[in-house]
Amino acid sequence: MSQKLVYAKGSCIMDLYSELTAKYQTVPAIATEIINLEAILNLPKPTEAFMSDIHGEYNAFQHVLRNGSGNVKSKIRSCFRDEMTETTLQRFAFLVYYPSERLAAIHQELQGDDLQQWYLTTFRRLIRLLAFTATKYTRSKVRKAMAPEFVYITEELLYNDADTPDKLAYYWQIIRNLIVLEQADEWIEATCRTIQRLTVDHFHIVGDIYDRGPAPDQVVESLIKRDQRHSVDIQWGNHDILWIGGAAGSALCIANLVRISARYNNLSILEDVYGINLRHLARLAEQYYQDNPAFSPKMGRSDRPITEAERLQITQIHQAIAMIQFKLEGPAIKRRPEFEMDHRLLLDKLAADFSTIQLNGHTYPITNGCFATVDPADPYRLLPEEQEVIDSLVESFTHSEKLHRHMDFLMDRGSMYLRYNRNLLLHGCVPVDEAGNFIGLTIEGTTYTGRQLFDMLEANLRLAYSQPTEKADLATDLLWYLWTGPNSPLFGKHDMTTFERYFIKDPATHAEGRNAYYHLRKDPDFIKKILREFVLDPEVGHVINGHTPVKKGTDPIMADNKMIVIDGGFSKPYQKTTGIGGYTLLDNSYGMQLVTHQPFTTKADAIVNLTDIISTRRVVETEARRRTVAETDIGTALQAEVEVLKRRLAELRNGD
Ligand SMILES: O=P(O)(O)OC[C@H]1O[C@](O)(COP(=O)(O)O)[C@@H](O)[C@@H]1O
Ligand SMILES: [Mn+2]
């Protein structure tokens, strides 16, 4: 089905005509396909899940992916109503979430006849649950969600009536043989994965997979695995842009992301996962920087506490790369007057002895300064060894094979915004002034605002990514603008006050100034205006954002339910602010629900103690009647195919 959507979206009706007439040449073939498509249009709309701001928290993310945002357990509950105690239900649910880990535990607990009995019971339960989750889908779609090596067996078990006496022996022989031939565990694992897949059909990741947490690379790997049938899309977040920018050869993006990796004690992602060589940087850091409380890493990775020597080294690296970042910003701001970022030129506002800084008419004392490499007469000039460090980092980033594989996926499945089934998905905001007028960027005499701003930025991002050897062209500089520019839809704030937060105590200088969008988005008329700008129906559409953690006591659902913010704090450092462990928004045939997850402890704890994240659901919207595939984007594509096929049928009947 997804392939069909690709034609319908990507090419014109003539291509569709030639495509379909080549594929279905006879009257019976065309008629069969029309029957098939029109039947699919009547199925219930599949479930979509929306998540955002995962920030490298792989285990928590995986848990939500595996439990289908709490959906797997509700399916088990409905399927086995009154047949399972809470403990049995919990154990069975965890088998579906973590089959290989739970199977290992079962082998420890049970042997001989007890194990055989367990297999027999588990097989039957899994088949029933699979049948229950598969009811919404065509056989063909269910088949595609199965592990290919088990399709025959699983279909036999799924579609044959085991209660018919004639089939009973046949059915049990399959199960017995799976056990005897030692394929039982493999089949259980494969089937649990199929159930997970069918429980949520499509995942939208509304930005910020990267930074702060320990394993963004594994989040991407699991999305790649999950996406086999185009069931994932990504709306880039400002942090993802840094990594795309890194692969595209932007020194500024690289300096920022290395700084953040040092700040959160995640340099090992760079070295061990992406093979980025940090030797030059470490040498420079050791030469020029000492211990400095403002640059001590924020928190240790829970699985690897650091030694004092490591802490000192990270603190030094953190300073060295921060200073390279601040130096690179100067020339970028100067060569791009169209970015209107002169107010972010800071190093030249420092006193010659670096003890104070002059900002907006105030003189502020500098604390924890570390300006040994800065020449007050030419503060943005990189020392030769700093230049060498950043050049070697750019070289490593543009040549990391694994980083490119991950970023290719982000490029392939990602976009600045997505219109999907009547909703608008975007990470940050649509920049506006206080009166709600769209604002943006003027480039080479053309002003881009609203949807055009997004399209222009995306076109440049794709250009920069395709040309990693171009390092200071407009397209590459725009990547950095996306991270921090005052009218960047992904940043949505006026100033990124990184420098001030390191060196100035006065909290007044730390304010970043959110775009007016963030207070205007509470107003339904404003959201309708945004939906119209993106050519969506303002009456039925929603805007879905990530990016701004929803603080305790504030409502993530605004503007008469038309605006939903789902940054609920997967990111551990932000859980103090949000008080929860994250949100998932679900959109199924019955309507929309917001699921609130409690903080995740650890994977080991979850598996051993069967501790699920407690998830509570809140209904955002209920459909007056169940929505069908016909009312989705895929449905529209299928209807276009039906039209073409009917035309072809008429032509054949008329002898054309
Ligand atoms: O929490 P940290 O590491 O100090 O980072 C704060 C910075 O992150 C930002 O909030 C951007 O990151 P988010 O997209 O996660 O909000 C900046 O506005 C701010 O300057
Ligand atoms: Mn963000």
Open item on the list: Only one of 431, 384 is over 30 Å from residue 222 (Cα atoms) and within 16 Å of ligand 2 (Cβ to nearest atom). Can you tell me which?
Closed with: 431
Open item on the list: Can you pull out every residue in the range 603-626 that is at pLDDT 90 or above and out of contact with any strand residue (DSSP E or B) (no Cβ under 7 Å at 6 or more places or on another chain)?
Closed with: 625
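Residue by residue, here is whether (1) among the aliphatic types (A, V, I, L, M); (2) within 16 Å of ligand 2 (Cβ to nearest atom); (3) in contact (Cβ under 8 Å) with a residue 24 or more places away in the chain holds:
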{"residue": "209", "(1), (2), (3)": "yes, yes, yes"}
{"residue": "219", "(1), (2), (3)": "yes, yes, yes"}
{"residue": "224", "(1), (2), (3)": "yes, no, yes"}
{"residue": "244", "(1), (2), (3)": "yes, yes, yes"}
{"residue": "253", "(1), (2), (3)": "no, yes, yes"}
Task: Matching residues in the range 133-162 - criterion: being within 20 Å of residue 44 (Cα to Cα) and crowded, with 16+ Cβ neighbours inside 10 Å - done: 133, 134, 136, 137, 141, 142, 143, 144, 145
Task: Wholly within the range 171-290, helices (runs of 4 or more DSSP H) carrying at least 2 residues that are β-branched (Val, Ile, Thr), away from ligand 1 (no atom under 16 Å from the Cβ) and in the same structural domain as residue 148 (by the TED database) - done: 184-199
Task: Filtered residue count, the range 609-640, keeping only those that are more than 30 Å from residue 570 (Cβ to Cβ) and part of a strand (DSSP E or B) - done: 1
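Is it the case, given these coordinates, that residue 574 is of a type in the set (Phe, Trp, Tyr), within 16 Å of ligand 1 (Cβ to nearest atom) and either farther than 14 Å from residue 207 by Cβ or touching a Ser or Thr at 6+ places or on another chain (Cβ under 8 Å) (or both)?
Yes: the conditions hold for residue 574.
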Task: Within the range 80-99, tally of residues that are in contact (Cβ under 8 Å) with a residue 40 or more places away in the chain and more than 13 Å from residue 195 (Cα to Cα) - done: 3
TODO: Considering only residues that are more than 21 Å from the chain's Cα centre (by Cα) and polar (S, T, N, Q), look in the range 533-576 and name the one that is nearest to ligand 2 (Cβ to nearest atom).
DONE: 554
Task: Those residues of the range 234-255 which are among the polar types (S, T, N, Q) and under 15 Å from residue 55 (Cα atoms), in sequence order - done: 235, 238
TODO: Could you check, for the range 483-498, whether at least one of its residues is farther than 26 Å from residue 249 by Cβ and of a type in the set (A, V, I, L, M, F, W, C)?
DONE: no
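Looking at residue 306, is it assigned by the TED database to the domain that holds residue 465, within 32 Å of the chain's Cα centre (by Cα) and assigned to a helix (DSSP H, G or I)? Write out each step before concluding.
Working: assigned by the TED database to the domain that holds residue 465: yes; within 32 Å of the chain's Cα centre (by Cα): yes; assigned to a helix (DSSP H, G or I): no.
When the stated conditions are applied, residue 306 does not pass them.
The values are calculated or read from the model by the stated rules, or taken from the named source; none is laboratory data. Just so it is clear, the model here is predicted, and its values are computed rather than measured. Backbone-built Cβ (ideal geometry, glycine too); neighbour counts: all protein chains shown.
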